[in-house]
Amino acid sequence: MATRNDNPTPFMAVHPGMMIKPELEERGISQKAFAQMLGTQPSHLSEVLNGKRALTAELAMKIESTIGLPAKILLSAQAQYELETASADIPRSNPQQETVTVTIPSSDRNLLQEIVKRFGWACVF
């Protein structure tokens, strides 16, 4: 059963490649084999997994159909990452008070809990 956390840790955006890469390692799938499954160049996939290239909607959909990571979550992470990196140079009045809300369908809660556990994000259900 989910519990409520009244003092969540501030959210820090993570490139979706940082979520995909450990999944591949856990499943014993090499990057080269995964690139072949997705029908993309290994160098292209490597750049995405290492955060050097943005994840596209097309690639996110292929990843979802291949290993089941929801494209919506991956693309949401990409958008949050882009916002975070684009606004890094913009001064904020109080960065400690920044809160990001991400809505995840209830069918994807287990994946969200795994992401929270792996990356140390605070999550309020």
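The values are calculated or read from the model by the stated rules, or taken from the named source; none is laboratory data. On a predicted model such as this, the values are computed, not experimentally measured, just so you know. Glycine gets a Cβ as well: all are built from the backbone with ideal geometry, and neighbour counts include every protein chain shown. Just the protein is used for accessible areas: all its heavy atoms, side chains included, with ligands, DNA and RNA removed. Shrake-Rupley method; radii C 1.70, N 1.55, O 1.52, S 1.80 Å.
In region 64-106, the qualifying residues are those that are farther than 18 Å from Ala54 by Cβ, open to solvent by less than 80 Å² (accessible area, probe 1.4 Å) and of a type in the set (S, T, N, Q), and the one that is modelled with the lowest pLDDT is Asn94. Report whether or not Ser46 is at pLDDT 95 or above and of a type in the set (Ser, Thr, Tyr). When the stated conditions are applied, Ser46 passes them. Scanning region 28-58 for residues that are touching a residue at least 12 places away in the same chain (Cβ under 8 Å), farther than 18 Å from Leu75 by Cβ and in contact with a Phe, Trp or Tyr (Cβ under 9 Å, 6 or more places away or on another chain) yields nothing.
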